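Encoded as structure tokens, the structure appears first; notes follow it.
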Amino acid sequence: MAKITLKDLSHSYLENQDSNADWALREVNIDWKDGGAYALLGPSGCGKTTLLNIVSGLLKPTKGSVLFDDKDITTFNPVERDIAQIFQFPVIYDTMTVYDNLAFPLKNRGLLESEIASKVKEIAEMLELTSTLNNRASGLTADGKQKISLGRGLVRSDVNVIMFDEPLTVIDPHLKWVLRSKLKELHQKINRTMIYVTHDQTEALTFADQVVVMHEGQIVQTGTPVELFEKPKHTFVGHFIGSPGMNILPCEIKNGEVNFSGKKIPSHKTIKKSNFNRTQIGIRPEFINFSNNGIPVKIKRVSNTGRHKIIDTESSGGNIKILSNSSTEIPSGSAHITFNQKYTYVYEDNWIIE
Amino acid sequence: MNKTINQKAWFFVVPVFILVAFNAAIPLMTVVNYSFQETFGNNVFAWEGTRWFKQILLSERFHAALGRQFAFTFIILLIQIPLGIGIALTMPKKGWGVPVCLILMSMPLLIPWNVVGAMWNIFALPDIGFLGHSLNGMGFDYNFTQQPGDAWFTTILMDVWHWTSLVVLLSYAGLNSIQPAYYQAAEIDGASRWAIFRYIELPKMKKVLTLAILLRFMDSFMIYTEPFVLTGGGPGNTTAFLSIDLVKMALGQFDLGPAAAMSLIYFFIVLLVCWVFYNLMMKNEVQS
């Protein structure tokens, strides 16, 4: 059990780094509280697995340090760090039985046979593996194997943190949900710090209390699922989270007023700064309404998903997606829309202006 | 769905049929033909039934050759498999060392077999060969042309030199196909180097090792050229393995009937051992 602090972490797989693109991780700072459930969310290649492997000790960071309970453990190996990690593909020891698989980390640490037996039994019960304990592990299905990998992490009572590296990738869709709730349930039961890496927003948002969104080796936002949805601090978060993602549209800022396609847009903050680089306006499809006057758009396509309608429209400033109830009447041809002021944000070089 | 019936489609099978007939079935049938008959040339045959088979199976000469053959194959497998795995484990996984090692390892495999025999013959000659001369210089009484023990030692050394690479390359391929996550998980589980080998590397190499053992079994069990060039089966008959003995019988003595019967017995032994071994190895494999 430990609080985890990452301080100014940067990592590169190259010997020499010339540009930002050479870094897999840039200036990462994180504080993870003891016993929390966290998710690292981002697309493939954003550096989330690199970050995870640095926390677990499989990788040494190029710069910066990792602290467990304020103690610098950057140079420690995974065994010294006392962590558990579950990988994308179920890692099992093919020739061993399920029991021996679960007992393996304990045997390696020299525990007594009786202690091992009771521990393994307890974990097997928790994961519903009791009936298969004496079977060869290689005969199990993918989700059964992944449960074993998970069990090998849980069986040690002393682990500081349990890390999951996209653990549900190879699991059948209908079992994903089952295993995910199992994880959530386990977290509540054993109350250990868990870090969950995924590129699937549903997995991240349902599992974690705090989600860290990563993009091109940087952390773009950390927050609760609601915060990420309602107030994305970076256009990437707006775009990546939500389905469909946030509308990001070019805009102009003059005298503290936001102008989009010739109209003044009320935003949630007054802007004091002047002289901007590239500015954009961000509005989620959920927060756009049809009205009698406002921004003129042409309706291009309406798709009904059953619960709601997704409307593709075209304005003079770019394409805008709108999400509305499936019962809402959609005007055909041309219409006018307004943005909900509370959820309209302005971004400069992709970062929010506050 | 209605199936189209067109008997002309059988013509597509004809080329394969002819090919298999000429490269396997017909030659094999010739051997079968000889094994049941006596011939004195001029295409005159006399039916002998199972006489040649009984004669071979009861002959001490065959027993001795078979015994030598099993001993040889057993010894080279015992050396080559662990040695091959050991070398594969120490080979680099990335960097410039990989191509260097792979090329060095492939070298012996590319040398024609009779050249290997000739090379080792000269290399091991007690008076002028580097190996023979050095061994004698160190005080060993080494002469592979005169002493059976030395002849065996040299033949085995030659085979190990020639073929261990095959085991190395197969094992290396097997090792490289192991996902890094396995090593990472083992590291986190606190596994020792031995445990990693025993529980990850060895099981993951099982299939390629089965293949390696089968290939090495078959090749060494049928070995001919190299010992023929190196020792010619001598001194005496001490390194006359099955195929050397077979050729002696067929071409040296022109005993075509017994030689044909011996070929078939030889063939069935290889087939039987491979079949038993393969089934034992694959018994616990899950169908995936």
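No lab work stands behind these numbers, since they all come straight from the coordinates. Computed from a prediction, not measured in an experiment: that's the story for all the values here. Cβ atoms come from the backbone with ideal geometry, glycine included; neighbour counts cover every protein chain shown.
The table for this structure:
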read-out: Dimensions in Å of region A:4-235 - Rg and Dmax from alpha carbons; value: 18.0, 56
read-out: Stretch gain in nm, segment residue B:140-residue B:283, where the contour uses 0.36 nm per residue and the Cα spacing is subtracted; value: 46.8 nm
read-out: Size of charge dipole - chain A - debye, nearest 20, with Cβ of Lys, Arg +1 and Asp, Glu -1, no other charges; value: 920
read-out: Contour excess over end-to-end distance, with Cα ends at residue B:133 and residue B:22 and 0.36 nm allotted per residue; value: 35.1 nm
read-out: Shielding of B:174-186 by partner chains, average beta-carbon count, 10 Å; value: 4
read-out: Hz values of 3J(HN,Hα) by residue in region B:75-90 - Karplus curve (6.51, -1.76, 1.60), Gly and Pro given as x; value: 5, 5, 5, 4, 8, 5, 5, x, 5, x, 4, x, 5, 4, 5, 8
read-out: Ranked B:201, A:348, criterion: other C-beta atoms within 10 Å, fewest first; value: A:348, B:201
read-out: Residue order, fewest to most surrounding Cβ atoms within 10 angstrom, among B:169, A:14; value: A:14, B:169
read-out: Rh by Kirkwood over Cα pairs, then Stokes-Einstein D for region B:61-282 at 1.567 mPa s and 4 °C, µm²/s; value: 67
read-out: Theoretical FRET efficiency, 1/(1+(r/R0)^6), r = Cβ-Cβ of residue A:275 and residue A:200, R0 30 Å, to 0.05; value: 0.15
read-out: Residue exposure sequence - B:247, A:66 - by fewest surrounding Cβ within 10 Å; value: B:247, A:66
read-out: Tail beyond 46 Å, pair distance distribution of the protein assembly as shown (Cα, percent); value: 47
read-out: Whichever lysines have a C-alpha closer than 19 Å to that of residue A:309, once near sequence neighbours (fewer than 8 apart) are set aside; value: A:298, A:300, A:321
read-out: Shielding by other protein chains, A:83-94, mean Cβ within 10 Å; value: 5
read-out: Shape of region B:1-126, Cα gyration tensor, a/c cut at 1.5; value: oblate
read-out: Cβ-derived FRET efficiency at R0 35 Å, residue A:75 paired with residue B:198, nearest 0.05; value: 0.75
read-out: Amide proton proximity set for residue A:347, modelled H, under 5 Å, gap of 5+; value: A:280, A:281, A:282, A:353
read-out: Shielding by partners - mean other protein chain Cβ count within 10 Å, residues of A:144-153; value: 1
read-out: Lys/Arg +1, Asp/Glu -1 at C-beta; the protein assembly as shown dipole; positive extreme among B:263, A:173, A:196; value: A:173
